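Please read the structure below before turning to the comments.
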Amino acid sequence: MEKNFYVTTPIYYVNGDPHVGSAYTTIAADAIARYKKTMGYDVFFLTGTDEHGQKVEETAKLKGLTPQAWTDVMAPKFMEMWKALNVNYTDFIRTTQTRHKDAVKKILKKVYDEGDIYKGAYEGKYCVSCETFVPENQVVNENHCPDCGKELRIVQEESYFFRMSKYQDALLAHIDAHPDFILPHSRRNEVISFIKQGLQDLSISRNTFEWGIPIEFAPGHITYVWFDALTNYLTAVGYENNPELFDKFWNHGEVMHLLGKDILRFHAIIWPCMLLSAGEKLPDKIVAHGWWTSEGEKMSKSKGNVVAPLDEVAKYGVDAFRYCLLREVNFGNDGDYSTNSIVTRINSDLANDLGNLLNRTLGMYKKYFDGKVVEGNKFEAIDETVKELYKETLKLVEHHMEKVEYSRALEAIWKFISRMNKYIDETAPWILAKDEAQKERLGTVMNFLVESLYKVALLVYPYMPESAQKIWNQLGYDNLDIREGKIEDIKEWNTLKAGHILGNAEPIFPRIEIEKKEEKKDPLAINEELVVENPIGIEDFSKVAIEVVEIVEVAKIEGADKLLKFKVKTGTEVRQIVSGIAKYYPNPEELVGKKVMAVLNLTPVKLRGELSQGMLLSTEEKKRIKLVEIDNSVKVGSKIK
């Protein structure tokens, strides 16, 4: 049976640049579109720009441009932003396009023919910024808009009205019969409460400005925002010009609108009433997310705390930015964009959990089996617990994504990732590798790890598409396009073929260091009598050649309890270094693959008959010696200065 899915963002108003709020909605839409494709759906993903209205006309005039010329400047900014955020939409609609004007004329005529549009007069308060008529009982601070806070205008003009009040009971009945029509459920309750206060008929035309779609049955009137902007969702899937496409994605598809909570009432009340009047199917889900603050404060240009998506991408990478937005707060709730929480999330979830699992797995497989997949059919009880958790993970991800709960879906995936890191510690491949009789068990363990990463890559693909493909590439599946991957194909285990060649591990998620602001100190508090023990000049320190090296092999020296001999890879060669740290590393094999610091211009010496060509740097605290480890993203051979 064909499965069709249609997801939309709001169309963004062209009077301002795209911001973190619009980026959040659009990334969320992109993630669920990609997820539905992995579930076997044919997907249509729409975004676009809202280009009509009094505010656009006035702004264009101030800029010395026609309204069309102004929208032609602004619309590409949204396209460029979505490209930078790796948003893969199906269609980008502009309300100034001919196809949209034709669709608006069609729905207006259907509603008019139904007897649901009549001529009247409007007198009241109007917000130009929100393009909203504000009832007297909603006015705040004497004469200001309850949504944006700007001063209202008094408007008196002839208008055409939509009989929205006629559909109050039908809309309440639909919401009652479809519990997930409005998500999250807390928003659903707000909408129901508002409807029960009594719906008023809606002004749908204006005749005091010209920038809009003319109404054929009302000379001199243009279409007011609702029948113009909201109809875009029908336009893009062929409402007026492609009945086959419309039937596929609107009539026989799952239709989901994603939007901010500030425009929920328009979508959950006005839009369904319009569709009921026009005799069209209602969307399946209307999902509203919360607002973002920055470091605990409302974003504003005057405060200088507005989060610019492209700046964040430049700092952290596009996938890390996407992941943090979707993981940090559950869709529907308000969220705070904090540098500290974002960096912590990147370092903990991406670098430590997923990145570490990938690097350790590929490093060990290369060491033990030269990177070639082997047969592994020696299973133990722990393997079954992993399989059961994975099965539960798939169920949880599907459940949460159906509820549009991105954060909880990612939480379930990361629980499995954490389990696989623990699986390494519990199975201890470095110990299995010492026993030839455990070779087959070692192969089973390593295959479980590689296969879990293959599965995890597809699970995280909707949220971090570039990184997911990189994981497949490092696993040696660079000939496969992860965009074509299906969840159905990763449900079972033991799918690895013996002989498959794995790729090399390269850090995908480098750790982020937070720049610490230097505290301002009173100059008089500086200790000018600082005592330095064994002082040396900078010229002495510059003689010491310290580089980043990678440990490729480690072994104990026979008859020397304190000594370990290391083979380390420098930027140009492999050296042997002897170090007296054996008692601090009972399982020295765990050090293989680690990057550490070494002094390389010491005079070579022999210790217990073994050549030592340098010194590994370590720290000492409470009589505990520990090698100074370097982040995997730092290249071997890098100089320490």
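The values are calculated or read from the model by the stated rules, or taken from the named source; none is laboratory data. On a predicted model such as this, the values are computed, not experimentally measured, just so you know. Counting neighbours? That spans all protein chains shown, and the Cβs are built from the backbone with ideal geometry, glycine included. Accessible surface is based on the protein model in full, side chains and every heavy atom, while ligands, DNA and RNA are left aside. Shrake-Rupley method; radii C 1.70, N 1.55, O 1.52, S 1.80 Å.
Assorted remarks:
- Any hit, segment 492-508, residues being within 30 Å of the chain's Cα centre (by Cα), within 30 Å of T25 (Cα to Cα) and not hydrophobic (A, V, I, L, M, F, W, C): yes
- One residue alone among I192, I269 is closer than 20 Å to P135 by Cα, open to solvent by less than 30 Å² (accessible area, probe 1.4 Å), out of contact with any Cys (no Cβ under 7 Å at 6 or more places or on another chain) and not in a loop (DSSP other than H, G, I, E, B), and that residue is I269.
- When residues of segment 237-263 are limited to those that are assigned to a helix (DSSP H, G or I) and over 18 Å from P10 (Cα atoms), the one least open to solvent (accessible area, probe 1.4 Å): F246
- Residue pairs whose Cβ atoms lie under 6 Å apart, separated by 6 or more positions or on different chains, with the first residue in segment 261-287 and on the phi < 0 side of the Ramachandran plot and of a type in the set (D, E, K, R) and the second open to solvent by 20 Å² or more (accessible area, probe 1.4 Å) and assigned to a helix (DSSP H, G or I), are K281/N251.
- Enumeration of residues in segment 314-341 that are among the aliphatic types (A, V, I, L, M) and in contact with a Lys or Arg (Cβ under 9 Å, 6 or more places away or on another chain): A320
- Of all the listed residues (P179, P184), the sole one being open to solvent by 50 Å² or more (accessible area, probe 1.4 Å) and on the phi < 0 side of the Ramachandran plot is P179.
- Test: residue in segment 321-341 that is over 30 Å from K595 (Cα atoms), in a helix (DSSP H, G or I), modelled with pLDDT under 95 and open to solvent by 50 Å² or more (accessible area, probe 1.4 Å): yes
- Tabulated pairs, segment 438-449, first open to solvent by 10 Å² or more (accessible area, probe 1.4 Å), second assigned to a helix (DSSP H, G or I), C-beta under 6 angstrom, 6+ apart or interchain: Q438/L432
- Boolean, N479 is within 29 Å of K37 (Cα to Cα), open to solvent by 10 Å² or more (accessible area, probe 1.4 Å) and in a loop (DSSP other than H, G, I, E, B): yes
- For segment 560-571, the criterion of being open to solvent by 50 Å² or more (accessible area, probe 1.4 Å), over 39 Å from the mean Cα position of the chain (by Cα), on the phi < 0 side of the Ramachandran plot and among the aliphatic types (A, V, I, L, M) is met by none of the residues.
- Residue that is within 30 Å of L310 (Cβ to Cβ), open to solvent by less than 70 Å² (accessible area, probe 1.4 Å) and among the basic types (K, R), where the choices are R99, R94: R94
- Cβ-Cβ under 7 Å pairs, at least 6 apart or on other chains, segment 87-98 side outside any strand (DSSP E or B), far side of a type in the set (D, E, K, R): V87/D30; N88/D30; T95/D50; T95/E51; T95/D228; T96/E51
- The one condition in (1) in a loop (DSSP other than H, G, I, E, B); (2) open to solvent by 30 Å² or more (accessible area, probe 1.4 Å) that L199 fails to fulfil: (2)
- Test: K109 is over 40 Å from the mean Cα position of the chain (by Cα) and either in a loop (DSSP other than H, G, I, E, B) or not aliphatic (A, V, I, L, M) (or both): yes
- Set T603, T619, T572: member being free of Cβ contacts under 8 Å to residues at least 12 places away in the same chain and either under 24 Å from D370 (Cα atoms) or touching a strand residue (DSSP E or B) at 6+ places or on another chain (Cβ under 8 Å) (or both): T619
- Segment 425-447, residues that are assigned to a helix (DSSP H, G or I) and of a type in the set (G, A, S): A437, G443
- Among all residues of segment 379-392, there is at least one that is among the charged types (D, E, K, R), surrounded by fewer than 18 Cβ atoms within 10 Å (Cβ to Cβ) and within 30 Å of F181 (Cβ to Cβ).
- Segment 128-164: number of residues that are touching a Leu at 6+ places or on another chain (Cβ under 8 Å) and either assigned to a loop (DSSP other than H, G, I, E, B) or open to solvent by 50 Å² or more (accessible area, probe 1.4 Å) (or both): 4
- Of the residues K119, K83, the single one that is touching a residue at least 60 places away in the same chain (Cβ under 8 Å) and either more than 33 Å from the chain's Cα centre (by Cα) or part of a helix (DSSP H, G or I) (or both) is K119.
- Applying the set (1) in contact (Cβ under 8 Å) with a residue 12 or more places away in the chain; (2) open to solvent by 20 Å² or more (accessible area, probe 1.4 Å); (3) more than 21 Å from the chain's Cα centre (by Cα); (4) at positive phi to T59 leaves exactly one unmet item: (4).
- Of the residues Y89, Y167, the single one that is surrounded by 14 or more Cβ atoms within 10 Å (Cβ to Cβ) and over 34 Å from the mean Cα position of the chain (by Cα) is Y167.
- Of all residues in segment 401-416, those satisfying the criterion of being open to solvent by less than 50 Å² (accessible area, probe 1.4 Å) and touching a Ser or Thr at 6+ places or on another chain (Cβ under 8 Å) are A412, I413, F416.
Listed here are the residues, each with its yes/no results for (1) modelled with pLDDT under 95; (2) assigned to a strand (DSSP E or B).
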position	(1), (2)
I11	no, yes
N15	yes, no
S22	yes, no
A28	no, no
F45	no, yes
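- Inside segment 210-229, residues that are open to solvent by less than 40 Å² (accessible area, probe 1.4 Å), under 16 Å from T96 (Cβ atoms) and not in a loop (DSSP other than H, G, I, E, B) make up a count of 6.
- Odd one out for L276 among (1) touching a strand residue (DSSP E or B) at 6+ places or on another chain (Cβ under 9 Å); (2) open to solvent by 10 Å² or more (accessible area, probe 1.4 Å); (3) part of a helix (DSSP H, G or I): (1)
- Taking segment 408-426 as the range and being under 14 Å from D383 (Cβ atoms) and without any contact (Cβ under 8 Å) to a residue 24 or more places away in the chain as the test, only K422 passes.
- When segment 342-374 is limited to residues that are in contact with a Cys (Cβ under 8 Å, 6 or more places away or on another chain) and within 28 Å of G503 (Cα to Cα), the one that is most open to solvent (accessible area, probe 1.4 Å) turns out to be R345.
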